[in-house]
1. Please go through region 344-359 and pick out each residue that is open to solvent by 90 Å² or more (accessible area, probe 1.4 Å), within 24 Å of residue 318 (Cβ to Cβ) and either among the small types (Gly, Ala, Ser) or without any contact (Cβ under 8 Å) to a residue 40 or more places away in the chain (or both).
2. Under the condition of being touching a strand residue (DSSP E or B) at 6+ places or on another chain (Cβ under 9 Å), open to solvent by 10 Å² or more (accessible area, probe 1.4 Å) and assigned to a loop (DSSP other than H, G, I, E, B), which residue from region 143-174 is nearest to residue 106 (Cα to Cα)?
3. Looking at region 191-198, is at least one residue open to solvent by 50 Å² or more (accessible area, probe 1.4 Å) and of a type in the set (A, V, I, L, M, F, W, C)?
4. crowded, with 17+ Cβ neighbours inside 10 Å and more than 20 Å from the chain's Cα centre (by Cα): is that true of residue 303 in this structure?
5. Taking only pairs six or more apart or across chains, which ones have beta-carbon atoms under 9 Å, a first residue in region 394-412 that is of a type in the set (Ser, Thr, Tyr), and a second residue that is surrounded by fewer than 20 Cβ atoms within 10 Å (Cβ to Cβ)?
6. Could you tell me whether region 108-130 includes any residue that is at negative phi, within 21 Å of the chain's Cα centre (by Cα) and in a strand (DSSP E or B)?
7. Could you give me the residue pairs with C-beta distances under 9 Å whose first residue belongs to region 360-374 and is under 13 Å from residue 388 (Cβ atoms) and outside any strand (DSSP E or B), whose second residue is open to solvent by 80 Å² or more (accessible area, probe 1.4 Å) and among the aliphatic types (A, V, I, L, M) wherever it lies, and which are 6+ apart or on separate chains?
Amino acid sequence: MAVLRIGVDDTDSVRGMCTTFVAAVLEKRLREMGFEQIDYSHLVRLNPNCPFKTRGNAAVSLHFRVGDGMVGEAVETAVKTVEEFYEKGFETTQPGVVVYRGEDVPADWAGFALRAVREMVELKEALRLADRHGAQLFMFNGGRGVIGALAAVALPLENPTYEAIAYRAPHNWGTVRRIDRASVVKLYETGLTFDSYDPVTDEVRITPHTPCPILAGVRALTPENALKGLSMVRFHEKVLMTTVFKTNQATDMHLVEKKISALKPYSNAVLTGRVAAKPVKTAGGHVFIKIDDGTGEVFLAAYRPTGRLREVVYGLRPGDLVRAMGGVKPKPQGLTLNLEKLEVLELAEQFVTRPPKCPSCQKRMESAGRGRGYRCGRCGARLGVNHAEVVAEQRSIRPGMYEVDVPARRHLSKPLCL
């Protein structure tokens, strides 16, 4: 018997399809052929900043035990399934299949896989690693998907989460998903799952907004809860099939502690530094602030979709100590960290000046003009500029951890509720 690990990536396009659907079909076919599935199929979210991604940048891997004489047939089934379902006619859709035969995944593959989640990696490195350990490769339309396919086979999932996915019948692809909202709210209230419903926006979170084959996906910390949660949802259309994936979703696996001087475009980072200037809010509602960690400065961005996090960022002041988490993007102002979470570690004391009270009538005085002191509007008394009161500013925020609103949360980001 042989352990066969099959990685697949990049089968979708902006028009449709989903790599998890290809995996679900292949999983079903291999099981029907009598092969033993030795682990849940893995759904691996890769670097969310990758400029080549279609949507959520997911790759998959399947893990089966196959008779030595049937390995060729299993591999042929995998390749034919990918060829059958991948989105053709799109230059950016470049499927890749990696097949590795062996009980243990090569150690140097694991390091590559972690980097594929955290930063940009090159196709040539994936090809070199695959060749070094005798993996079979199948590349379509350029085959850039070999990167994700290799990473999905190799990535260690030591503290995984799980997602149970229901798929639609093909004649429903591209139409409005028909799901009973009340059943999703009831699911949310059980606490079995996470990210199923957002009570703030009244938004159902288990359905995608794309014309892909997924009807709904329910996420949980155990496969049992994921399946039980999915069974609680009432669907008003046919469910073609369901499967459970073991994933790195909601784990913060992409985040790495770094210094600002070490930042690279399209990487992910955790930065600790002090606020270097007052925040700026743009006409579009985005908020930017600059921090300094002693090795350099970088902008933090809280864009409009991040919701309430923007107000936290807007409440920061020079000298505040923060820990910022997110993805690094090249912007006109330089490298910018798009915030996913922000921890306010320490608030610097801030002072503001205000007019003094009139010594005669105790009414708050008003400015008499720049550099001309203060005057009382009631009795006319005057005081010089040196009589201004200096008081501590009442801060609008408190130390603590803050995150983006649910609709803006990335697949890899670990919710604070976990």
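1. Start the filter on region 344-359 by keeping residues that are open to solvent by 90 Å² or more (accessible area, probe 1.4 Å), which leaves 349, 351, 353-354, 357.
Next, only the ones that are within 24 Å of residue 318 (Cβ to Cβ) stay: 349, 351, 353-354.
Those that are open to solvent by 90 Å² or more (accessible area, probe 1.4 Å), within 24 Å of residue 318 (Cβ to Cβ) and either among the small types (Gly, Ala, Ser) or without any contact (Cβ under 8 Å) to a residue 40 or more places away in the chain (or both): 353, 354.
2. 157
3. Our first condition is that a residue be open to solvent by 50 Å² or more (accessible area, probe 1.4 Å); within region 191-198, this holds for 191.
In the following step, the residues that additionally are of a type in the set (A, V, I, L, M, F, W, C) were identified as none.
The answer is no, given that none of the residues of region 191-198 is open to solvent by 50 Å² or more (accessible area, probe 1.4 Å) and of a type in the set (A, V, I, L, M, F, W, C).
4. Values: crowded, with 17+ Cβ neighbours inside 10 Å: yes; more than 20 Å from the chain's Cα centre (by Cα): no.
Criteria not met by residue 303.
5. 396/311; 396/314; 396/315; 402/308; 402/343; 402/416
6. No, every residue in region 108-130 fails to be at negative phi, within 21 Å of the chain's Cα centre (by Cα) and in a strand (DSSP E or B).
7. So the pair list comes out as 371/385; 372/385; 373/385.
For every residue, the table says whether it meets (1) charged (D, E, K, R); (2) open to solvent by less than 60 Å² (accessible area, probe 1.4 Å); (3) in a strand (DSSP E or B); (4) in contact (Cβ under 8 Å) with a residue 24 or more places away in the chain.
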| position | (1), (2), (3), (4) |
| --- | --- |
| 176 | no, no, no, no |
| 209 | no, no, no, no |
| 215 | no, yes, yes, yes |
| 218 | no, yes, yes, yes |
| 240 | no, no, yes, yes |
| 246 | yes, yes, yes, yes |
| 264 | yes, no, no, yes |
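The values are calculated or read from the model by the stated rules, or taken from the named source; none is laboratory data. Quantities reported herein were computed from a predicted structural model and do not represent experimental measurements. No Cβ is skipped: glycine too gets one built from the backbone with ideal geometry, and neighbour counts run over all protein chains shown. For accessibility, only protein heavy atoms count, side chains too; no ligands or nucleic acids. Shrake-Rupley method; radii C 1.70, N 1.55, O 1.52, S 1.80 Å.
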